[in-house]
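All remarks here apply to the structure that follows.
The values are calculated or read from the model by the stated rules, or taken from the named source; none is laboratory data. Keep in mind that what you see is a predicted model, and the values were worked out from it rather than measured. Heads up, the Cβs are rebuilt from the backbone with ideal geometry, glycines too, and the neighbour counts pull from every protein chain shown.
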Amino acid sequence: MMHLDKHHEPRTNGTLLRQLSRRPFQLNRLIEENLQLFQMYCNPNFPKPFSFSHLLLNRKYPVGPCKTFADDSGLVYPEWKTELDKEYNRLLETANREVNILDFGAIGDGKTDSTTAFQKAIGSGRVKVIVPAGTFLVKGLKLPSWTCLIGRGKGVTTIKFHPGAPKKTRLVQNADFRYGNDHILVEGLTLDWNVERLGQAEKTSAGNNRSSCLTFAHVTYGWVKNVEAVNAGLHGFDVSSTRYHYLGDGFLAPGRSRYIWLDGITASGFGDDGITTHHSDYIFISNSYCFHPSGRAHTEGFSNSNGIEIDDGSRYVWLCNNATTGCFGGVEIKAHHNASAASHVHIYGHLSVRDNRSFNFRHIGHHKGKDANSKSANHIVAANLVSIAPVFTDLYKDSTPRSLVVSAYQNVVINGLTAIGDPDYDFKGNPVIAIQYRAKNVVLKNINISGFKNAKRIKGKDRCVLVK
């Protein structure tokens, strides 16, 4: 069976997915086919949640239908990426003053506190800060608008938490959560949260959106490229609003991040999720890899630690050619019971190896007969998914393995899922795919299941449409 280790190069994900998929496909044709399936079997008139927050904030944070495209390299992307690319060029033109962190007194010896040197180099922004090879200790960095923070590459340039940094601190974040920031680039770094500084603390996070390696909260136009997050207390990478909001299903949170691209990033040892989004719009995550969480942000044995989690209130999110291994969920699209669900999520290519639930789509608290219907769990399109050997896990001890779970969500198209079991692993009579708990208008096409020992194939056929 396939195994992915810490040396896996995420930019090979697309090649691996093409090799493992059990059918040939042409990307632009696949995109068109998914649109036709959605129009044929789903309900495009899903009622929009009504709340005063929507009335007040929809004008400030407008969203609308977006087309999906593919280029010759195999990258599938949203049409708004064109706008993002233009803004990227504006950032490079505006942040045209280049400085080297060494000229401000930073020392990359892994011992010296270089926080002040970074603060002086970053200043009020409009600057490109170059960080050479070495390990630089800091007590947290705050990036203003129009700032580029650029290292020499993963494992070459490391920014690491000083041993005296409090648990609640974020290693790298934008400067102004309240009023927001824009045009920020972080590239070519390893971010080490230095969890060892906490000793044997039972939990490694301090609540809400604190304790992560990199947080964009209320950021418009942001880029994270070729960055590694190591041993985060909470999340490796968090694209978020000013704070996490739990004011009910249908609530539209303020302070949203918008137009963010995470590309070629890696996360490991994270306390909760490797990559996560909350209350944000227009997010693109590509060519990335998340593996082997610690789960220490949760009580032992109850760690909902996902490789990639598209969480509460996220809208219009695209994922392309990512990979996960050793996580609770490979990709989880979800919400808590007291928040709006993520919606309008598009996945084109994901490799899940030995995760507990490769693809897990749910709105907690809106599943069963006595629960209220979800007002927001709507619109997922996923294609070219590969699930290799889902397994039981100590992260969440009572969770049974699955390749795919859809609960509470409506209007879901899955076109191309290759599920390959370990023939020597006892699946204990569990289904490989479960469509359950108020799921509606779920379309399954090009599903290939093989190699599972003592397993049911699909549970909940009466809740979905199987298209040949």
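Values computed for the structure shown
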{"item": "Test: residue in segment 262-283 that is of a type in the set (D, E, K, R), in a loop (DSSP other than H, G, I, E, B) and in contact (Cβ under 8 Å) with a residue 24 or more places away in the chain", "result": "yes"}
{"item": "Members of segment 369-386 that are outside any strand (DSSP E or B), in contact with a Gly (Cβ under 8 Å, 6 or more places away or on another chain) and within 21 Å of TYR282 (Cα to Cα)", "result": "LYS375, SER376"}
{"item": "The one condition in (1) in contact with a Gly (Cβ under 6 Å, 6 or more places away or on another chain); (2) under 28 Å from ARG178 (Cβ atoms) that ASP312 fails to fulfil", "result": "(1)"}
{"item": "Wholly within segment 312-368, strands (runs of 3 or more DSSP E) carrying at least 1 residues that are surrounded by 24 or more Cβ atoms within 10 Å (Cβ to Cβ) and in contact with a helix residue (DSSP H, G or I) (Cβ under 7 Å, 6 or more places away or on another chain)", "result": "315-325, 343-353"}
{"item": "Residues of segment 218-245 satisfying the condition of being among the aromatic types (Phe, Trp, Tyr) and farther than 16 Å from ARG315 by Cα", "result": "TRP223, PHE237"}
{"item": "Tabulated pairs, segment 425-454, first closer than 30 Å to PRO47 by Cα, second basic (Lys, Arg) and part of a strand (DSSP E or B), C-beta under 6 angstrom, 6+ apart or interchain", "result": "ALA434/ARG402; ALA434/LYS459"}
{"item": "Members of segment 387-403 found to be assigned to a loop (DSSP other than H, G, I, E, B), of a type outside the set (S, T, N, Q) and either out of contact with any Gly (no Cβ under 9 Å at 6 or more places or on another chain) or farther than 14 Å from SER305 by Cβ (or both), listed by number", "result": "ALA389, PRO390, VAL391, PHE392, ASP398, PRO401"}
{"item": "Residues of segment 298-311 satisfying the condition of being within 12 Å of the chain's Cα centre (by Cα) and not in a loop (DSSP other than H, G, I, E, B)", "result": "ILE308, GLU309, ILE310"}
{"item": "Qualifying position, being small (Gly, Ala, Ser), over 15 Å from ALA297 (Cα atoms) and touching a His at 6+ places or on another chain (Cβ under 7 Å), among GLY153, GLY180, GLY188", "result": "GLY180"}
{"item": "Sole exception among (1) within 16 Å of LYS154 (Cβ to Cβ); (2) surrounded by 24 or more Cβ atoms within 10 Å (Cβ to Cβ); (3) not small (Gly, Ala, Ser) for LYS225, by number", "result": "(2)"}
{"item": "Every residue from segment 232-258 that is surrounded by 23 or more Cβ atoms within 10 Å (Cβ to Cβ), within 18 Å of the chain's Cα centre (by Cα) and not basic (Lys, Arg)", "result": "ALA232, GLY233, LEU234, HIS235, GLY236, PHE237, ASP238, VAL239, SER240, SER241, SER257"}
{"item": "Filter result for SER340 (at pLDDT 95 or above and either within 12 Å of the chain's Cα centre (by Cα) or of a type in the set (S, T, N, Q) (or both))", "result": "no"}
{"item": "Selection within segment 61-102 - farther than 30 Å from ASN28 by Cβ and free of Cβ contacts under 8 Å to residues at least 40 places away in the same chain", "result": "GLU93, ASN96, ARG97, GLU98, VAL99, ASN100, ILE101, LEU102"}
{"item": "Segment 180-209, subset in a strand (DSSP E or B) and charged (D, E, K, R), residue farthest from ASP85 (Cα to Cα)", "result": "ASP192"}
{"item": "Filter result for the condition that a residue is within 25 Å of LYS168 (Cβ to Cβ), surrounded by fewer than 17 Cβ atoms within 10 Å (Cβ to Cβ) and either within 26 Å of the chain's Cα centre (by Cα) or at pLDDT below 95 (or both), over LYS120, LYS142", "result": "LYS142"}
{"item": "Subset of segment 343-387 [modelled with pLDDT under 95 and of a type in the set (Asp, Glu)]", "result": "ASP371"}
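So that you can scan it fast, the table gives a plain yes or no per residue for (1) more than 30 Å from GLN39 (Cα to Cα); (2) touching a Phe, Trp or Tyr at 6+ places or on another chain (Cβ under 7 Å); (3) not small (Gly, Ala, Ser):
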{"position": "ALA95", "(1), (2), (3)": "yes, yes, no"}
{"position": "LEU102", "(1), (2), (3)": "yes, no, yes"}
{"position": "LYS120", "(1), (2), (3)": "yes, yes, yes"}
{"position": "VAL127", "(1), (2), (3)": "yes, no, yes"}
{"position": "CYS148", "(1), (2), (3)": "yes, no, yes"}
{"position": "GLY151", "(1), (2), (3)": "yes, no, no"}
